[in-house]
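Asks: Okay, handing you the structure first.
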Amino acid sequence: QVQLVESGGGLVQPGGSLRLSCAAPRSIFALNPVGWYRQTPGKRRAFVASVTRSGSTNYADSVKGRFTISRDNAKSTVYLQMNNLQSEDTAVYYCAVLPPGGTLWGQGTQVTVSA
């Protein structure tokens, strides 16, 4: 089973910043788009950001201008830099690798924005 290893979640005050990281097996990482999704209790998992293997990015409207996704193909790692965090950003964040055959998910990391 493919394992994606996430890190970087935690508790932060409104206006603060966090950086999430996700390492994936090299065999699948370099060839595919990767992204981040988030989920709150009782709601469906929602798209946050993605980046293609060539570096083209896409963001949900709610995070544009505050979040930045990037990838390091040499390290097989994708990052999500989150700035100016707000309470509505509180969620479990999931890393995803997006091959044609179906999405591969990380285990999720909790991000809590609270004073």
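The values are calculated or read from the model by the stated rules, or taken from the named source; none is laboratory data. Because the structure is predicted, anything quoted here is derived from the model rather than measured. All Cβ positions, glycine included, derive from the backbone under ideal geometry; neighbour counts span all protein chains shown. When the accessible area is computed, the model is the full protein with side chains, heavy atoms only, and any ligands, DNA or RNA have been set aside. Shrake-Rupley method; radii C 1.70, N 1.55, O 1.52, S 1.80 Å.
Asks: Filter segment 24-57 down to the residues that are of a type in the set (D, E, K, R) and out of contact with any strand residue (DSSP E or B) (no Cβ under 7 Å at 6 or more places or on another chain), then identify the one that is surrounded by the fewest Cβ atoms within 10 Å (Cβ to Cβ). Let's see the steps before the verdict.
Replies: Keep residues of segment 24-57 that are of a type in the set (D, E, K, R), which gives 26, 38, 43-45, 53.
Next, only the ones that are out of contact with any strand residue (DSSP E or B) (no Cβ under 7 Å at 6 or more places or on another chain) stay: 26, 43-44, 53.
Details: 26: 12, 43: 9, 44: 7, 53: 13.
Residue satisfying both the conditions and the ranking: 44.
Asks: Okay, next question. Quickly run through segment 102-111 and pick out the residues that are in contact (Cβ under 8 Å) with a residue 60 or more places away in the chain and either part of a strand (DSSP E or B) or open to solvent by less than 40 Å² (accessible area, probe 1.4 Å) (or both).
Replies: Of the residues in segment 102-111, the ones in contact (Cβ under 8 Å) with a residue 60 or more places away in the chain are 104-111.
Matches in segment 102-111: 104, 105, 106, 108, 109, 110, 111.
Asks: Only one of 72, 61 is within 28 Å of residue 27 (Cβ to Cβ) and free of Cβ contacts under 8 Å to residues at least 12 places away in the same chain; which? Spell out the reasoning first.
Replies: On the way: 61 fails: within 28 Å of residue 27 (Cβ to Cβ).
Within the list 72, 61, the selection yields 72.
Asks: Could you check how many residues of segment 49-96 are in a strand (DSSP E or B) and of a type in the set (D, E, K, R)? Step through it out loud before you land on a result.
Replies: From segment 49-96, those in a strand (DSSP E or B) are 49-51, 57-59, 67-72, 77-82, 91-96; that's our starting set.
Keeping just the survivors that are of a type in the set (D, E, K, R) gives 71-72.
Qualifying residue count, segment 49-96: 2.
Asks: With the checklist (1) in contact with a helix residue (DSSP H, G or I) (Cβ under 7 Å, 6 or more places away or on another chain); (2) part of a loop (DSSP other than H, G, I, E, B); (3) closer than 20 Å to residue 12 by Cβ in hand, flag the one item residue 99 doesn't pass.
Replies: So the condition that residue 99 fails would be (3).
Asks: Output yes when any residue across segment 58-75 is basic (Lys, Arg), surrounded by 14 or more Cβ atoms within 10 Å (Cβ to Cβ) and modelled with pLDDT of 95 or more, and no when none is.
Replies: yes
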